[in-house]
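Take a look at the structure below.
The values are calculated or read from the model by the stated rules, or taken from the named source; none is laboratory data. A quick note: this is a predicted structure, and the numbers were derived from the prediction, not measured. In this analysis, Cβ positions are derived from the backbone assuming ideal geometry, glycine residues included, and neighbour counts consider all displayed protein chains.
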Amino acid sequence: MLDNQLNFPAGFLWGAATAAHQIEGNNINNDWWPREHSGDTNIAEPSGDACDSYHRYREDMTLLRDAGLDTYRFSIEWSRIEPEEGHVSRAAIDHYRRMADTALELGLTPMVTLMHFTVPRWFARDGMWRSPKAADRFARFTELALPVLGEDVKWVCTINEPNIAAMIAGGEDPANLVAYALPAPDLQVADTLLECHRRSREVLSGVGGVRSGWTVATQAFQAEPGCEELAHDYGYQRDDWYLEAAADDDWVGVQAYTRTIIGPEGPRQVPEGVETTLTGWEYYPRALELGVRSAWDKTGGVPVFVTENGIATADDARRIDYTHGALTGLHAAIEDGVTVEGYLHWSLLDNFEWTSGYRPTFGLVAVNRTTFVRTPKPSLAWLGRVAAANALGPHQQ
Ligand code: BGC
């Protein structure tokens with residue numbers, strides 16, 4: 001053991017995350033697909049075949065495992081499992097169970113997300129999260145998903161980024177999935193998402209070893225001098241409220257990418273000359289440490305799981321640099337007593353980045369858009385080495 005390395009706690013989990021619509025391909029029955037194909041969309045390009053991971057998931061998981069990582073977070077697509085209300089596809093449930101089996105067979109710990117932004121078209125048409133039936137429907141979907149979890153999936157995320165979901169609920173195509181570019185959250189939707197989460201957790205509490213939570217986009221709101229109150233009010237309904245609501249959960253997910261500075265006019269654009277990534281976000285690795293500390297604080301000490309952290313860049317050396325910085329901050333938070341269960345990088349693959357299409361590349365693995373051939377980037381091997389050592393070496397590595 002080197003004395004200049006940062007050691008992580010025994011049993012710390014290391015892996016990468018994905019989401020169904022962003023990698024599977026041809027999710028023609030969810031709410032995003034028609035938006036991608038409508039005439040007046042601002043979605044850069046349709047998701048199409050995505051990474052064809054609906055068929056190639058074993059290859060994806062094998063790449064992750066062979067690199068030295070041990071955990072894979074993926075989501076199940078509600079619109080495949082319940083294509084029309086009350087009509088259940090047993091074949092889709094079997095498919096996702098095969099994914100969990102494959103992960104376990106490869107020695108990976110699976111984390112299953114029940115809802116990662118996309119919902120069935122019928123659900124969207126009928127009021128979406130504003131329907132009085134939303135919570136019943138989500139609880140029923142959770143029951144449908146139980147065979148996917150079986151007896152051996154321990155980690156379950158009910159809802160991915162409910163705070164972002166409440167901001168994009170208006171149906172406007174968001175310009176960019178970060179707070180400074182998003183409409184204000186719909187607070188009624190926020191309440192409903194919380195009710196959905198609680199109902200879903202009730203269903204999951206009947207299942208042996210499941211530990212469930214939701215994953216929040218922590219946005220590191222920072223005030224310019226004199227704007228503290230404004231920053232608090234702005235940030236509370238976009239971030240802290242969702243962390244506080246997780247106080248009774250088994251764990252809370254932190255998804256951190258960048259920070260948002262609040263000035264007298266509200267959120268500020270990134271100033272000229274400051275390094276930005278392919279999504280236009282400020283290059284700010286410290287976001288992770290701030291998100292983790294805030295989650296621990298606001299929940300009153302609920303174990304944290306880093307369920308997403310990463311950077312869209314065409315320069316893989318910057319990805320390693322960013323991740324090194326983020327993990328250094330994470331380690332400092334752990335040293336100060338924050339319980340952190342694991343770190344999952346966003347994302348395993350270059351994938352469909354919502355309104356921005358395929359241009360912003362977040363992956364540890366590149367995917368050829370025509371042949372679907374996967375090419376691991378040096379960052380995959382780098383993160384695998386960190387995982388295998390359960391320690392972060394000096395930056396030159
Ligand atoms: C989401 C992912 C997204 C990533 C980068 C998170 O908001 O959970 O689906 O691709 O951040 O924008």
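Being buried (at least 22 other Cβ atoms within 10 Å of the Cβ), among the basic types (Lys, Arg) and in a helix (DSSP H, G or I) is the requirement here; does Arg319 meet it?
yes
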Worksheet item: Of the conditions (1) surrounded by fewer than 24 Cβ atoms within 10 Å (Cβ to Cβ); (2) touching a Leu at 6+ places or on another chain (Cβ under 7 Å); (3) of a type outside the set (Gly, Ala, Ser); (4) part of a loop (DSSP other than H, G, I, E, B), Thr62 fails just one. Which one is it?
Response: (4)
Discussion item. Is it the case, given these coordinates, that Phe372 is away from the ligand (no atom under 16 Å from the Cβ), aromatic (Phe, Trp, Tyr), over 12 Å from Val292 (Cα atoms) and not in a helix (DSSP H, G or I)?
Written reply: yes
Discussion item. Every residue in segment 322-346 that is assigned to a helix (DSSP H, G or I) and of a type in the set (Asp, Glu), please.
Written reply: Glu335
Practice prompt. Write out, first by first residue and then by second, each pair whose Cβ atoms fall under 7 Å of each other, whose residues are 6+ apart or on separate chains, and whose first residue, in segment 344-367, is closer than 16 Å to Arg318 by Cα while the second is near the ligand (Cβ under 10 Å from one of its atoms) and of a type in the set (Asp, Glu).
Written response: Trp346/Glu308; Pro360/Glu353; Phe362/Glu353
Worksheet item: So which pairs qualify, if the first residue must be in segment 42-62 and free of Cβ contacts under 8 Å to residues at least 60 places away in the same chain and at negative phi, the second must be in a loop (DSSP other than H, G, I, E, B) and crowded, with 23+ Cβ neighbours inside 10 Å, the Cβ gap must be under 7 Å, and the two must be at least 6 apart or on different chains?
Response: Tyr54/Glu24
Discussion item. Are there strands (runs of 3 or more DSSP E) fully within segment 205-294 with at least 1 residues that are among the aliphatic types (A, V, I, L, M), within 16 Å of the ligand (Cβ to nearest atom) and in contact (Cβ under 8 Å) with a residue 60 or more places away in the chain? List them.
Written reply: 211-218, 252-256
Practice prompt. With the checklist (1) of a type in the set (Gly, Ala, Ser); (2) in contact with a Leu (Cβ under 7 Å, 6 or more places away or on another chain); (3) surrounded by fewer than 16 Cβ atoms within 10 Å (Cβ to Cβ) in hand, flag the one item Ala295 doesn't pass.
Written response: (3)
Discussion item. Take the conditions aromatic (Phe, Trp, Tyr), at positive phi and under 17 Å from the mean Cα position of the chain (by Cα) and apply them to Trp354. Does it pass?
Written reply: yes
Discussion item. Suppose the filter is away from the ligand (no atom under 16 Å from the Cβ), acidic (Asp, Glu) and either exposed (fewer than 15 other Cβ atoms within 10 Å of the Cβ) or part of a helix (DSSP H, G or I) (or both); does Asp49 pass it?
Written reply: no
Worksheet item: Given Thr355, Thr328, Thr361, which one is more than 14 Å from the ligand (Cβ to nearest atom) and of a type in the set (S, T, N, Q)?
Response: Thr328
Practice prompt. Consider Ile28 carefully, then state whether it is over 15 Å from Ser347 (Cβ atoms) and part of a loop (DSSP other than H, G, I, E, B).
Written response: yes
Worksheet item: Going by the conditions given, is Asp316 under 20 Å from Leu63 (Cβ atoms), among the acidic types (Asp, Glu) and more than 16 Å from the ligand (Cβ to nearest atom)?
Response: yes
Item to complete: Report, by residue number, each residue of segment 56-101 that is of a type in the set (A, V, I, L, M, F, W, C) and more than 21 Å from Pro120 (Cβ to Cβ).
Response: Met61, Leu63, Leu64, Ala67, Leu69, Ala100
Worksheet, complete the sentence: The condition from (1) touching a Pro at 6+ places or on another chain (Cβ under 6 Å); (2) modelled with pLDDT under 95 that Ala312 misses is numbered (2)
Worksheet item: How many residues does segment 98-134 contain that are within 16 Å of the ligand (Cβ to nearest atom) and either in a strand (DSSP E or B) or surrounded by fewer than 21 Cβ atoms within 10 Å (Cβ to Cβ) (or both)?
Response: 5
Practice prompt. Kindly check whether there is at least one residue in segment 166-179 that is assigned to a helix (DSSP H, G or I), out of contact with any strand residue (DSSP E or B) (no Cβ under 8 Å at 6 or more places or on another chain) and either at pLDDT below 95 or crowded, with 17+ Cβ neighbours inside 10 Å (or both).
Written response: yes
Worksheet item: Looking at this structure, is Arg199 within 28 Å of Ala134 (Cα to Cα), within 16 Å of the ligand (Cβ to nearest atom) and not in a strand (DSSP E or B)?
Response: no
